[in-house]
1. For D48, all conditions in the list (1) loosely packed, with under 13 Cβ neighbours inside 10 Å; (2) at pLDDT below 95 hold save one; what is the number of the exception?
2. Name the residues in the stretch 14-34 that are surrounded by fewer than 17 Cβ atoms within 10 Å (Cβ to Cβ) and in contact with a strand residue (DSSP E or B) (Cβ under 9 Å, 6 or more places away or on another chain), would you?
3. Exactly one condition in (1) more than 27 Å from T109 (Cβ to Cβ); (2) within 12 Å of the chain's Cα centre (by Cα); (3) of a type outside the set (G, A, S) is not met by V12; state its number.
4. Only residues that are among the aliphatic types (A, V, I, L, M) and within 19 Å of S37 (Cβ to Cβ): list them for the stretch 115-130, please.
5. Can you report the number of residues in the stretch 35-65 which are more than 20 Å from S2 (Cβ to Cβ) and of a type in the set (F, W, Y)?
6. Working only within the stretch 75-130, note down all residues that are surrounded by fewer than 16 Cβ atoms within 10 Å (Cβ to Cβ) and touching a Lys or Arg at 6+ places or on another chain (Cβ under 6 Å).
7. In the list S68, S75, which residue meets the criterion of being under 11 Å from C7 (Cβ atoms) and under 11 Å from the mean Cα position of the chain (by Cα)?
8. Are there any pairs, at least 6 apart or on different chains, whose C-beta atoms fall under 6 Å, with the first in the stretch 1-18 and without any contact (Cβ under 8 Å) to a residue 60 or more places away in the chain and within 19 Å of E47 (Cα to Cα) and the second surrounded by fewer than 14 Cβ atoms within 10 Å (Cβ to Cβ) and among the polar types (S, T, N, Q), and if so, which?
Amino acid sequence: MSKTGSCLCGEVNFTYKSEPGMFLMCHCTDCQKSTGSPVASIIVVPEDDFSINGATSSFECEAKVTRSFCKICGSQIFSRIESAPGVVAIKTGVLDEQPNTKPNLVCWTKSKPDWFEINHPDISFEENPN
């Protein structure tokens, strides 16, 4: 059963077929700056199970993560990570239906702002998981 999502303006929409292999929260400064939030919430699916329609633009940061977003409204849709070929990291805020599970890991906890209180999963990394 395919699941769907779209950007804020509706110009970009996507589907993915498989259940997420990972559901994570990231506090790295790149995610903070790109989302405007102290945490990014992300699901990871196989690239072959992901299809997208609409005009996107991309930006590759120093960490070799290419973030794709709607050219019109700027909503972040997904990322490709050079060190994790074959998967797509989708921002959960653009999903039409939120995951029915809780995140199973958190990374870059050392970059989490001290004022931000949140319940983290048991699997936790101060930086990137290996």
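The values are calculated or read from the model by the stated rules, or taken from the named source; none is laboratory data. Values in this document were obtained by computation on a predicted structure and should not be read as measured data. Note: ideal-geometry Cβ built from the backbone for every residue, glycine included; neighbour counts use all protein chains shown.
1. Answer for D48: the failing condition is (2).
2. Those that are surrounded by fewer than 17 Cβ atoms within 10 Å (Cβ to Cβ) and in contact with a strand residue (DSSP E or B) (Cβ under 9 Å, 6 or more places away or on another chain): T15, K17, S18, E19, G21, M22.
3. Only one criterion is unmet by V12, namely (2).
4. Here is the first cut: in the stretch 115-130, the residues among the aliphatic types (A, V, I, L, M) are 118, 123.
Residue satisfying the conditions is I118 alone.
5. Number of matching residues: 1.
6. The answer is E82, E126.
7. On the way: S75 fails: under 11 Å from the mean Cα position of the chain (by Cα).
Just one listed residue meets the conditions, S68.
8. N13/N53; T15/S2; T15/T4; T15/S51; K17/S2
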